[in-house]
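Please read the structure below before turning to the comments.
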Amino acid sequence: MQTGGYVGLVKGCTLDARSLPADEAAELKSLVERSNFFQTSSRLTPNARDLQVYEITVETVQGAHHVELDDMSMPQSMRPL
């Protein structure tokens, strides 16, 4: 989910790799792996105004991992995701 900014927009989507075409599911898995998502923890920039906030949850058979990041704290490796 993406929230924030000047007007406080809320956008979101849910992707289920099992229901995607094989090439799209592989691309999603690759984006998650290349982003180091499971080694990333939530971090929001203190006292920042009008930043976009991104909430991302990835569920696997091992469990779920959830992070909250903003435009300033998002690692470069996660931007494509």
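The values are calculated or read from the model by the stated rules, or taken from the named source; none is laboratory data. Keep in mind that what you see is a predicted model, and the values were worked out from it rather than measured. Here Cβ is always computed from backbone atoms with ideal geometry, including for glycine, and neighbour counts include all displayed protein chains. When the accessible area is computed, the model is the full protein with side chains, heavy atoms only, and any ligands, DNA or RNA have been set aside. Shrake-Rupley method; radii C 1.70, N 1.55, O 1.52, S 1.80 Å.
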*Would you mind telling me which residue in V61, V32, V53 has the biggest mean-square fluctuation in a Gaussian network model of the chain, where springs connect alpha carbons within a distance under 10 angstrom?*
V61
*Count charges around V67 for me, please; just the other residues with Cβ under 12 Å from its Cβ, Lys/Arg as +1, Asp/Glu as -1.*
-2
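Please report the relative contact order for the chain, taking Cα pairs under 8 Å with a sequence separation of at least 6, and give it as a percent rounded to a whole number. Don't skip to the end; give the middle numbers.
Working: 100 pairs, mean separation 26.7, N = 81.
It rounds to 33 percent for the chain.
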*Round to a whole number: what % of the accessible area of the chain belongs to carbon and sulfur, probe 1.4 Å?*
52
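For the chain, what does the helix formula give at 222 nm: sum of -39500 (n - 2.57) over DSSP H segments with n ≥ 4, over the residue count, nearest 500 deg cm²/dmol? Please report the intermediate quantities before stating the final value.
Values: 1 runs with 13 residues, N = 81.
Helix-only estimate at 222 nm: -5000 deg cm²/dmol.
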*asked:* Give me the extension gain from E55 to Q39: residue separation times 0.36 nm, minus the current Cα-Cα distance, reported in nm with one decimal.
replied: 4.2 nm
*Taking the chain as a Gaussian network, where each spring joins two C-alpha atoms under 10 Å apart, which residue of L51, L28, L20 fluctuates the most?*
L20
*At 7 Å along the Cα-to-beta-carbon direction for both A64 and A17, put a label point, then send me their distance in nm to one decimal.*
1.7
*How long are the three semi-axes of the equivalent ellipsoid for the chain, computed from the Cα gyration tensor as the root of 5 times each eigenvalue, in whole Å, largest first?*
24, 14, 11
*Crossing angle, helix 22-34 versus the chain [Cα axis fit, 0-90 degrees, rounded to tens]*: 50
